[in-house]
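Heads up: the structure comes next, in structure tokens.
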Amino acid sequence: MKELLNEFKVIVFELNYHAYAIGISSVRSIEKAQAITRVPFTPPYIKGIIYLRGEVIPILDLREKLKIIPKHELTNQTRIILVSISESVVGLLVDAVTDVYTLDLNSIKAAPAKNEFLQAQWVKGISIIDSQLVTVLDIEKMIESDISQHRNEGGKNVVH
């Protein structure tokens, strides 16, 4: 049982050929990319909504959210990672999903204070998986900050 406390399961995905990971505990499913319906008056990183298994789900483009360039077109490898956070279901548009890994918590090093691609408040740390540097994102904090921001603006919240 002690080993389980020191482990962190993550799903690894790509954005512009770089590896990122999020904790698997909030992941509901991984879906192939599909047509996304644009919603007016939403931030640019909210690509729109999809209708999946009876639910309307907002789709966030993680490349755009994290200000990773260049922009990309959907390919056969593009996936939508559905996450459930704060009673909200949100789809995360990523270039490709690589695999699921179990990390030793001690292998996750503190994030650098400044990263040109990421806002540090959304980074749990950096780890190495199969000789590749992987940025571990705090997706819960990222989505919760979006939900809070949109509620505070008093506008219609597409992420709820």
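At a glance:
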| quantity | calculated |
| --- | --- |
| Complete set of residues in the range 1-25 that are among the small types (G, A, S) and part of a strand (DSSP E or B) | A19, A21, G23 |
| Restricting the range 71-90 to residues that are touching a residue at least 12 places away in the same chain (Cβ under 8 Å) and closer than 15 Å to L15 by Cβ, the residue that is surrounded by the fewest Cβ atoms within 10 Å (Cβ to Cβ) | T75 |
| For G23: the one exception among (1) under 13 Å from L93 (Cβ atoms); (2) crowded, with 18+ Cβ neighbours inside 10 Å | (1) |
| Flag if Y17 is surrounded by 11 or more Cβ atoms within 10 Å (Cβ to Cβ) and among the aromatic types (F, W, Y) | no |
| Count - residues of the range 26-54 that are surrounded by 13 or more Cβ atoms within 10 Å (Cβ to Cβ), in a strand (DSSP E or B) and without any contact (Cβ under 8 Å) to a residue 40 or more places away in the chain | 2 |
| The range 81-109: number of residues that are among the hydrophobic types (A, V, I, L, M, F, W, C), more than 16 Å from L66 (Cβ to Cβ) and assigned to a strand (DSSP E or B) | 6 |
| Residue match in the range 59-78 (condition: modelled with pLDDT of 95 or more, more than 27 Å from I128 (Cβ to Cβ) and assigned to a strand (DSSP E or B)) | yes |
| Only one of V100, V10 that is in contact with a strand residue (DSSP E or B) (Cβ under 9 Å, 6 or more places away or on another chain), closer than 20 Å to K124 by Cβ and surrounded by 18 or more Cβ atoms within 10 Å (Cβ to Cβ) | V10 |
| Among (1) at pLDDT 90 or above; (2) in contact with a helix residue (DSSP H, G or I) (Cβ under 7 Å, 6 or more places away or on another chain) - the single one P44 does not satisfy | (1) |
| Residue within the range 135-147 that is at pLDDT 95 or above, crowded, with 20+ Cβ neighbours inside 10 Å, hydrophobic (A, V, I, L, M, F, W, C) and on the phi < 0 side of the Ramachandran plot present | no |
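The values are calculated or read from the model by the stated rules, or taken from the named source; none is laboratory data. All values derive from a computational prediction rather than experimental measurement. Neighbour counts run over all protein chains shown; Cβ positions are idealised from the backbone, glycine included.
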